[in-house]
Amino acid sequence: MKTQYYTATSLDGFIADENNSLDWLMQFGEPGGSYPPFIAEVGAIAMGSTTYEWLLEHEINKDSEKTKPWPYEQPVWVFSSRSLSPVANADIRFCNGDVAPIHREMTMAANGKNIWIVGGGELAGQFFDKGLLDEFIITITPVTLGAGAPLFPRRIATPPLNLVAVQQYGKHYVEVRYEVAKQPI
Ligand SMILES: NC(=O)c1ccc[n+]([C@@H]2O[C@H](COP(=O)([O-])OP(=O)(O)OC[C@H]3O[C@@H](n4cnc5c(N)ncnc54)[C@H](OP(=O)(O)O)[C@@H]3O)[C@@H](O)[C@H]2O)c1
């Protein structure tokens, strides 16, 4: 059972542009590659409020006539200090503050499966700060954005991450998997 930060980044290290747009990513179409086997092993999900509100605006409520169903079967913890709108028929648990007790709840709910930290980078960093992040699974896309939401606003230098796997997907994507080192090199 691992806690994994699985996301896509621009080549220069941003997961959304300055306007929180993902158009640069969406131009490549629906996620394929490793996503189906990855999500099949996930038992609990965490995301920050910007990511949640992006999903509401661009997926769930995109068509003003008809809402789309919530895309996750797993329970989702949404971090926010504000009161956010829920989604019908979705297991969404709003939470606030220290990630450590929430991680314990998520571990219980995941029941042996993995925990997915969707993002953003600062939230993934909070799990890292508490020693709760095991793995980065990062899809690098062939665009640069110059500015935006950072992939991971932390310094990890010594010990560095351990490279686990590299995989090319089609003409555009490279996925890299790094483990967080538990021992100094
Ligand atoms: N490229 C990709 O694959 C990918 C993946 C995921 C996300 N994204 C995009 O990347 C952007 C990420 O946005 P972001 O950097 O702003 O990150 P975010 O984690 O989505 O949202 C940050 C917000 O979450 C809340 N938050 C974070 N930690 C908290 C804590 N411990 N307790 C309570 N609230 C907490 C705070 O908002 P409040 O003001 O609500 O308290 C904070 O401002 C979004 O546009 C998203 O759509 C892209």
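Computed from the coordinates by the stated procedures, all read-outs in this text should not be read as laboratory data. These numbers were taken from a predicted model, which means no experiment stands behind them. Counting neighbours? That spans all protein chains shown, and the Cβs are built from the backbone with ideal geometry, glycine included.
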The distance between the Cα centres of the stretch 1-80 and the stretch 121-156, in whole Å, is 14 Å
For the chain (alpha-carbon point model, no solvent) the Debye-based log₁₀ I(q)/I(0) at q = 0.11, 0.18, 0.19 Å⁻¹ works out to -0.48, -1.40, -1.57
Here FRET efficiency (C-beta to C-beta, SER21 to ARG154, R₀ 22 Å, nearest 0.05) is 0.40
For the chain, averaging the sequence separation of alpha carbon pairs under 8 Å that lie six or more residues apart and dividing by its residue count, the contact order in percent is 33 percent
From the cross-link list LYS2/LYS171; LYS130/LYS182; LYS113/LYS171, the entries with a Cα-Cα span beyond 20 Å are LYS2/LYS171; LYS113/LYS171
Here, GluC sites (Glu not before Pro) of the stretch 22-113 satisfying both criteria (DSSP loop; at most 16 other Cβ within 10 Å) are GLU41, GLU65, GLU73
